[in-house]
There are 2 protein chains.
Amino acid sequence: MQKHDQDYIRRKNKKIVFQIIRSESPISRADIARTTKMSPTTISRIVQELIDQGFVKEMELQSMSTPGRRAILLELDQTSVLTVGIELDKSSFKIGIVDFEGRIIHIRNFKREAGISPDESMVQISQELQTIIEQQKIDSNKIIGIGIGIPGLVNLENGVVILSAQLGWNDIDVVAKMKVLTGFEVAIDNELKVKALAEYSYGGVKGTTRTAIIGFGSGVGSALVIDGKIYRGDTNSAGEIGHTIVDPNGVQCECGKVGCLQTYIAENSLIIEANKVTPISSLDELFEKHQEGQLWANTIIDRAIAYIGITIANVISVYNPGTVVVSGNLVEKYAEIRSTIEQNELQKYVWKPLQNSYRLVVSSLGSNGVVIGASLLAQNEFLNIEI
Amino acid sequence: MQKHDQDYIRRKNKKIVFQIIRSESPISRADIARTTKMSPTTISRIVQELIDQGFVKEMELQSMSTPGRRAILLELDQTSVLTVGIELDKSSFKIGIVDFEGRIIHIRNFKREAGISPDESMVQISQELQTIIEQQKIDSNKIIGIGIGIPGLVNLENGVVILSAQLGWNDIDVVAKMKVLTGFEVAIDNELKVKALAEYSYGGVKGTTRTAIIGFGSGVGSALVIDGKIYRGDTNSAGEIGHTIVDPNGVQCECGKVGCLQTYIAENSLIIEANKVTPISSLDELFEKHQEGQLWANTIIDRAIAYIGITIANVISVYNPGTVVVSGNLVEKYAEIRSTIEQNELQKYVWKPLQNSYRLVVSSLGSNGVVIGASLLAQNEFLNIEI
């Protein structure tokens, strides 16, 4: 047995024990030993290390069946580690302080000025974060880092935002700048990828094997989670379905191509289409017109519904996921759209042999999913349980 | 250190050494030790086990630089293990006998009668295999199993073909029946998935990290290989892009839906379209009409070329692969199509931020890819190097 093999197994075992406490908490040492098939001695040693590091704490439970008998169970010390999750969008951003178990301690929503430069935007975010830490009396020593979720393409290796059409950002060195501005460690990723992480870790699809999450919002995107890991592809761009072509004779897309999926369902595209008829500025207004029975509004919404069905069907064909999570205003906010999709469109568009291959769920974390996922990203990046 | 950890490491190390000999052959014991960072003693023990099992043999090389000095190198004993690879298609099937290193020793192509039943088809295949073994004097003791590649959906767990529209097969228990008919172990998988395996192991994309293979043939399909493993999805149907919808107002597909991708590029679809104008029976005839300058033939082929470009672009967007392998008659046989795609369509259809994210290659195993891949499937399933 080589030394590096021993170290490898030690680290692997520690991570396994930590993950079990995290997901099964509260749990006893004996149950961890049973689950992992490791010896009680090994478990005791590892647990003691985790307690000494402050990640895990003991809780005492009174046995219900045998009064007087007490059991010592283990749980995460949820106050030991904090992360900051930031969601950055076209016209707003959110800052959340999140505990060790993914619970939001404090969250605030801010307006993002139109036309603001990347640098100004980052300064504003840093200042607001500082204010939150002071006002909420957050112990900044417990903050291990900041995670940011952004609509667009991110280079994970250097933390540069390669392209965000929605923010109008090109090659912006977010991680380096935010580190300087805040003094914290910083990680950044695509918003849908961090949201997928959150849904997998804390949402309704916890522990599934293969899950696709599809976001219908200001753009359209997807992410595939395989055994808890995000499938990223070669340049962290896997799942960018917004620019798959679904009609070569279709509408012009802002990317320069024609007939991209997002031209039929991105919120902005729907508003642009509507403005060809009458001036409106939001999805809600479009839905009002639809409820008034305006035919043109029905046409736009019916087409969006059809393409949402097609999107889900196509994602099922390429990824063959066991679970599909849909998120975003169009499917979360308007119950009518959701029921039409579930009752009609999926039967119509999903390939017959795959009709029973998946379970469709609506995002259970809702509008805080990106903040929680961004926090989790920071936890994954900056939490070091390996002494 | 637990007993099961030790066994795990022993098996892991043996596999690592075996894979290195397989891919780097000929290689010396010393070089294996250097590459793996395992001790020379460990390497010697593992190599001896592999020699005793008959999988590896020594070869003696005369040193060029120091005459008289000889080096003992290791290589696979390519005659020690044989597998049978079978490709089953609508109107033909192929049987290949393949050695340990993926080389075809013997291969034959057979006509498959139209309207033949699954049982008759399997009997015919078994009889032809028996004839090949006898005529070619193959030592059947060396055959560790049969692999079959089939166009359609396969349940990997029980070896049942769930659906093959091209063969007209539904719920056919191929593995069980072929075992009885041949007496060999049998494994079956989707043809494109085994082809991807072959391209990854022996083809031009050997050792790539993320590769998508797209087949343009009697249907349209894709497969994603991540670190040498095929991404299968929940029901082994990942990559079934032939039934993704690319035009909700499009042509009727045999699956019952409308506007499926394969209605624009599957060989059969092109022939059906052509027959609306003039009776033709093959792709070659369609290309003759195209070369004669018949406008309708140009229209069909131009549209197919556009959709091939769109298919590649969409696969790049969803899988973000480093390498894309295209295969099938349309791209392998007609150089004109290939060059139009490479020079025009990809610039037109691939999303700009991904234009430089991939390398496009044409299948290097050509028409034998499925047979080699099916053999490899049998090797993976039935080769047991773990004493």
* Structure fact -> In deg cm²/dmol, rounded to the nearest 500, the helical mean residue ellipticity at 222 nm of chain B, built from -39500 (n - 2.57) for every DSSP H run of length 4 or more, is -12500 deg cm²/dmol
* Asked: Among A:350-363, B:191-204, what's the highest-first ranking by average C-beta atoms within 10 angstrom per residue?
  -> B:191-204, A:350-363
* To do: Anything over 21 Å Cα to Cα? Flag those among B:Lys94/B:Lys193; A:Lys229/B:Lys352; B:Lys15/B:Lys195; B:Lys94/B:Lys276; B:Lys229/B:Lys333, in the order listed.
  => A:Lys229/B:Lys352; B:Lys15/B:Lys195; B:Lys94/B:Lys276; B:Lys229/B:Lys333
* **Size of the protein assembly as shown as Cα extents on the principal axes (Å, biggest first)** => 86, 72, 65
* Asked: Between B:Leu163 and residues 5 or more places away or on another chain, which pairs have amide H atoms under 5 Å apart, with H built 1.01 Å from N, and which residues are they?
  -> B:Leu153, B:Asp171
* Asked: Measuring label to label, 7 Å along Cα→Cβ, what does B:Ile105 give against each other copy in nm, shortest first?
  -> 6.9
* **Ratio Rg/Rh [Cα only; Rh per Kirkwood] for region A:339-387** => 1.27
* To do: Based solely on C-alpha atoms, express the radius of gyration and the Dmax of region A:250-323 in angstrom.
  => 13.8, 42
* Asked: How many partner chain Cβ atoms sit within 10 Å of a residue's Cβ in peptide B:222-233, on average, as a whole number?
  -> 3
* Please report Rg over Rh for region A:1-58, where both radii come from the alpha carbon positions and Rh follows the Kirkwood definition. => 0.97
* Structure fact -> Dividing the mean separation of Cα pairs under 8 Å (6+ apart) by the residue count of region B:191-299 yields a relative contact order in percent of 17 percent
* Kirkwood Rh (inverse of mean 1/r, distinct Cα pairs), chain A, angstrom -> 22.8 Å
* To do: From zero up to wherever the largest Cα-Cα distance of region B:197-259 sits, split into 10 Å bins and tell me the percent of pairs in each.
  => 20, 42, 26, 12, 0
* **Sequence-distant residues sharing a close amide H with A:Ile148 (under 5 Å, placed H)** => A:Ile86, A:Ala187, A:Ile188, A:Asp189
* Check the straight Cα-Cα distances from A:Lys179 and name the lysines below 17 Å, setting aside those fewer than 8 residues away within the same chain. => A:Lys142
* **DSSP bridge pairs, chain B: antiparallel proportion in percent, nearest 5** => 65 percent
* Structure fact -> Here the whole-number average of other chain Cβ atoms within 10 Å per Cβ of B:257-265 is 2
* **37 °C / 0.692 mPa s Stokes-Einstein diffusion coefficient of region B:1-100, Kirkwood radius on C-alpha pairs, µm²/s** => 209 µm²/s
* Backbone HN-Hα couplings from phi across region B:136-152 [Karplus 6.51/-1.76/1.60, Hz, Gly and Pro as x] -> 8, 6, 7, 6, 5, 5, 7, 6, 8, x, 10, x, 10, x, 9, x, x
* **Cα convex hull of region B:160-291 - mean projected area over all directions, nm²** => 11.0 nm²
* Asked: Per-residue mean of other chain beta-carbon atoms within 10 angstrom of the beta-carbon, peptide A:311-317?
  -> 5
* To do: Take peptides B:18-29, A:178-189 and line them up by average Cβ neighbours within 10 Å, highest first, as a rough protection proxy.
  => A:178-189, B:18-29
* **Nm distances between copies for A:Pro26, ranked from closest, using label points 7 Å along Cα→Cβ** => 6.8
* Asked: Mind checking which aspartates and glutamates have their C-alpha under 12 Å from B:Lys14, skipping anything on the same chain fewer than 8 residues away?
  -> B:Glu49, B:Glu386
* For region B:237-274 and region A:347-368, write down the distance between their C-alpha centroids in whole Å. => 22 Å
* What list of ³J(HN,Hα) values in whole Hz, one per residue of region A:346-357 in order, does the Karplus curve 6.51 cos²θ - 1.76 cosθ + 1.60 (θ = phi - 60°) give from phi, with Gly and Pro shown as x? -> 5, 4, 6, 10, 6, 4, 3, x, 9, 4, 9, 8
* Asked: Taking a label point 7 Å from Cα toward Cβ, how far is B:Gln130 from its twins in the other copies, in nm, shortest first?
  -> 8.6
* region B:36-161: translational diffusion in µm²/s, Stokes-Einstein, Kirkwood Rh over Cα pairs, 4 °C, 1.567 mPa s -> 73 µm²/s
* Asked: Over region B:99-241, what lengths in whole Å, largest first, do the semi-axes of the equivalent ellipsoid take, defined as the square roots of 5 times the eigenvalues of the alpha-carbon gyration tensor?
  -> 25, 20, 14
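All of the numbers you see were taken from the coordinates with simple rules; none came from a lab. Please read all numbers here as calculations on a predicted model, not as lab measurements. No Cβ is skipped: glycine too gets one built from the backbone with ideal geometry, and neighbour counts run over all protein chains shown.
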